[in-house]
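The values are calculated or read from the model by the stated rules, or taken from the named source; none is laboratory data. Not measured: the values here are computed from a predicted model. Here the Cβ positions follow ideal geometry from the backbone for every residue, glycine too, while neighbour counts run over all protein chains shown. These accessible areas exclude ligands, DNA and RNA; they are computed on the full protein's heavy atoms, side chains included. Shrake-Rupley method; radii C 1.70, N 1.55, O 1.52, S 1.80 Å.
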Amino acid sequence: HGSSIELSLRLAEDYAKVYYCPLTSSGYPTMAEERIGYGFPESEVITSPFKVLDKIDLAIFPDVNDGPMQIHFAEKLQIPVWGSRMAEDLEIDRVKIKELMEKFSLPVGNWDEVVGITALREYIRKHPDIYVKMSRYRGDWESTHVDTYATAKNDLDKFEAKQGVFAETAKFICEKPLKKKVEIGRDGYVVDDK
């Protein structure tokens, strides 16, 4: 998806051939999307992993949103896969992870799921000082702290204009801030505790 070029370059130090695939999913791809990774002789950029299935010994998926493809490669095609598979749901389905944490008695802050931009506007009016998040469609709405409706109105208007009728089907997760708490996060790779 246009990230992890550094991983392909590092793998090229130990493997005879490395292919890098930006995995764009648009029916109208752009050169900028499909040429991510060009200019590095250590790896070859390809537009689809299916073009090299007969040439690869291992498929690496360092990001999310490809779980079904990973399962297909590993289980149907018998190509070893390094990736999260469907554990990606822990990252991209915010409601599912909260419900799972609650099931296992892990601490979860106060949260509500709000469906539709109209309902979100009303929720924000009644609940200032919240964080608004979305599952999956983080390219449309990244986690945002909302002080008041007035400070959020411009972002809400832009979202509604961009989404059109789909704005009323959007699912938002609204969370109260955790007072005097720190959330620590890190994106990285861990293999055998290293």
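Would you indicate which of [x] 57, 36, 26; [y] 59, 41, 30; [z] 41, 37, 26 is the value of Cα extents along the principal axes in Å derived from the coordinates of this structure? Recomputing Cα extents along the principal axes in Å here picks out [y]. Summing Cβ point charges (Lys, Arg +1; Asp, Glu -1) relative to the Cα centre of the chain gives a dipole of roughly 580 debye.
For region 128-194, the carbon plus sulfur part of the accessible surface works out to 53%, probe radius 1.4 Å. Here r is the Cβ-Cβ distance between GLU183 and ALA161 and R0 is 25 Å; the resulting FRET efficiency, rounded to 0.05, is 0.20. In this label model, ASP63 and ARG121 are separated by 3.3 nm, measuring between points 7 Å along each Cα→Cβ vector.
Considering only alpha-carbon pairs that sit under 8 angstrom and 6 or more positions apart, the relative contact order computed for the chain is 15 percent. Anything over 25 Å Cα to Cα? Flag those among LYS51/LYS133; LYS76/LYS133; LYS98/LYS158; LYS126/LYS179; LYS98/LYS171, in the order listed. Violating the 25 Å Cα-Cα cut-off are LYS51/LYS133; LYS76/LYS133; LYS98/LYS158. Across region 23-124, the relative contact order, built from alpha-carbon pairs under 8 Å that are at least six residues apart, equals 16 percent.
With a Förster radius of 30 Å applied to the beta-carbon distance between GLU91 and SER48, the computed FRET efficiency rounds to 0.80. Once C-alpha pairs closer than 8 Å and six or more residues apart are averaged by separation and normalised to the residue number of region 109-189, the relative contact order reads 46 percent. Only helices enter this figure: runs of n ≥ 4 DSSP H residues, each worth -39500 (n - 2.57), summed and divided by the residues of the chain, yield -7500 deg cm²/dmol at 222 nm to the nearest 500. Which residue fluctuates the most in the chain, going by a Gaussian network model with Cα springs under 10 Å, if the choices are LYS133, LYS181, LYS51? In the Gaussian network model the winner is LYS181. With all protein chains kept in place, the per residue accessible area of the chain amounts to 68 square angstrom at a probe of 1.4 angstrom.
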